[in-house]
Amino acid sequence: MSRVIVFDTTLRDGEQSPGASMTSAEKREIARALARLRVDVIEAGFPAASPDDLEAVRAIARDVGNDGDSPPIICGLARARAEDLAAAFEAVKDAARPRIHTFLATSPIHRKHKLGMSRAEVIERVRDAVARARELVDDVEFSAEDACRTEPGFLCEVLAAAIEAGATTLNVPDTVGYATPLEMDRRMRTIRANVPGIEDVVLSVHCHDDLGMATANTLAAVGAGARQVEVTINGVGERAGNTALEEVVMALHTRQAFFGLETGIDTTQIHKTSRLVSTLSGMPVQPNKAVVGANAFAHEAGIHQDGMLKARQTYEIMRPETIGRPESELVLGKHSGRHALKVRLAELGYPLDDDALEATFARFKALADRKKHVTNADLLALVSAREEVGSGVFRLAGLDVRCGTGAAPSATVKLLDPAERPLAHTASGSGPVDACFRAIDEIVGVSPRLLEYRVHAVTEGIDALGEVSVRVSGADYDDKAHPQWDDATRPRVFHGYGADTDIIVASAHAYVAALNRLIAAEPALVTAKAS
């Protein structure tokens, strides 16, 4: 049976979602999860974007890229420029199986407005970039950016030039989510029929979801001969996102008799990887999301419930256990020990070392004292809310809130600064959360904009654990001050996450986490007003 290569770009294209930026440690954690998922290629980042991105890719290459007998390919993205290619090589060279992925726009819109290049100049630049990359590594991928709005004949010329220069994988991106499945099928068949040497390389597809057809377009390309799919966990990515890994993988798995194709993915890792990416990226998964949404295996209609009770296959084409979604609920309580907690968290996809276990166990016991039963969902929220530690990090040490009818809400917040010194401030606001955030602003010395504040209960009941996610931006959110790798601009947005039975406490944890990220990226915004 023919195999489809799964190329995951969660750490590169997915991270370009506003507010989805992650720390180096978080990227390594996701990379390890992707390796457990058994993806074939991890596009770990864009090394030329920043020194931090280069170091993050290098760390993944050294760690995940050399783990086990068959580690994943570690890939770094590079524009068709010598300096980008050098940075990409420096980042991935220590991996057992390094890849450089270089790209250049080919559509008439991009040639005219972005590149200012002729057709001949584009082809020459592609030849030079691929040849340079091939001198550095044996595995070179070339992408024709905006391929689906490129003239078919010219696209074939560009791809042929890339093959001649040494490319081993050719990627056809629907960069702006413009194509339809029929168009994608025709484009792939045109390429296979008109590009000399195409049978000797891997043909890849990379789709965006602007018109809601990313998965359909990807599957159409696979049906027309593409043998690499470029995807992200939960479909995260710029604008409307990328093709979701879980959707393509489970489509090929569930409809294997139709497609006649397979992947090397361990599908039982899908649910826990989805949860991890959602938490660390700050991008919630909508309840009706295919495969990994909270309602994906829920049945409420009476007719459906009746059918499910008689035979599950009447309304379920997949079993939840196939994606590693736990059906049983192991309920822990205040008498449960470290070992039980460690085993259960490992089963849920969060193996912890001794130090992390101790910190999580302390929070677990505190939660168990307030809740009679601690469910799987509570545990996932609890471990997801691990506090950031290390230099340059503020931590919540105390919170006292006063509110009610006839009184102005106020909050006294105590934080530990990066040197572990206690700092406190009292502030008033329109409500307890507003007062809390104002007090934190005064202590930390920043004036961010709160773009989003989201709360939801993890479980049912009056003692439910509440999850809070926030998104903030620096004071220059509306300024075009942050160049992207493609010379466009975008605002910087930072997320934070917190969980507690007290929503105000959870809100404070989430807000402090978001500010820590903002400070790390924008230290000049700190005005040192802490007192």
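Here, each number is a calculation from the coordinates, and none is a lab measurement. Bear in mind the structure is a predicted one, so any value in this text is a computation, not a measurement. Every residue, glycine as well, gets a Cβ built from its backbone with ideal geometry; the counts of neighbours run over all protein chains shown.
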Segment Thr190-Lys112, extension gain: residue separation times 0.36 nm, minus the distance between their alpha carbons: 25.6 nm
Amide H partners (placed H, <5 Å) of His425, local residues excluded: Val413
Estimated FRET transfer efficiency (Ala340, Asp128; beta-carbon r; R0 41 Å; 0.05): 0.10
Degrees, to the nearest 10: 503-521 long Cα axis against longest axis of the chain: 50 degrees
Given charges at Cβ of Lys, Arg, Asp, Glu: the chain dipole, positive-most of His271, Ile443, Gly404: Gly404
Phi to ³J(HN,Hα) by Karplus 6.51 cos²θ - 1.76 cosθ + 1.60 over the stretch 428-441, Hz, x for Gly, Pro: 10, x, 6, x, x, 5, 4, 4, 4, 5, 5, 5, 5, 4
Label point distance in nm, Glu29-Ser70, each placed 7 Å from Cα along Cα→Cβ: 2.9 nm
Anisotropy class of the stretch 2-267 from Cα gyration tensor, a/c 1.5 cut: rounded
Antiparallel bridge percentage (DSSP; both residues within the chain; nearest 5): 45 percent
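Over all distinct Cα pairs, what is the inverse of the mean 1/r for the stretch 208-261, reported as the Kirkwood hydrodynamic radius in Å? Can you show the working numbers first?
Working: mean 1/r = 0.0895 Å⁻¹.
That comes to 11.2 Å for the stretch 208-261.
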Helix axis angle, 82-92 relative to the chain longest principal axis, alpha carbon, degrees: 60 degrees
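So for the chain, averaging the separation of alpha carbon pairs under 8 Å that are six or more residues apart and normalising by length, what relative contact order in percent results? Let's see the in-between values first.
Details: 1110 pairs, mean separation 56.6, N = 531.
Relative contact order here is 11 percent.
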DSSP-defined beta bridges in the stretch 2-267 - what % are antiparallel, rounded to 5: 5 percent
Rounded tilt (10° steps) of 152-165 against the dominant C-alpha axis of the chain: 90 degrees
For q = 0.09 Å⁻¹, Debye-computed log10 I/I(0) when each Cα of the stretch 150-281 counts as one equal scatterer: -0.27
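Between Rg and the Kirkwood Rh of the chain, both from Cα atoms, what is the Rg to Rh ratio?
Working: Rg = 24.5 Å, Rh = 24.7 Å.
My calculation puts Rg/Rh at 0.99.
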Dipole in debye (nearest 20) - the chain, about Cα centre, beta carbon charges: Lys, Arg +1; Asp, Glu -1: 600 debye
The stretch 1-71-the stretch 121-199 distance, computed between alpha-carbon centres (Å): 23 Å
Distance between modelled label sites at Asp369 and His456, nm, 7 Å Cα→Cβ extension: 3.0 nm
Karplus-derived 3J(HN,Hα), 6.51/-1.76/1.60, for each residue of the stretch 43-55, Hz, glycine and proline x: 7, 7, x, 10, x, 6, 5, 6, x, 5, 5, 4, 5
Residues Thr180 and Ala120, FRET efficiency given R0 of 30 Å [Cβ-Cβ distance, rounded to 0.05]: 0.45
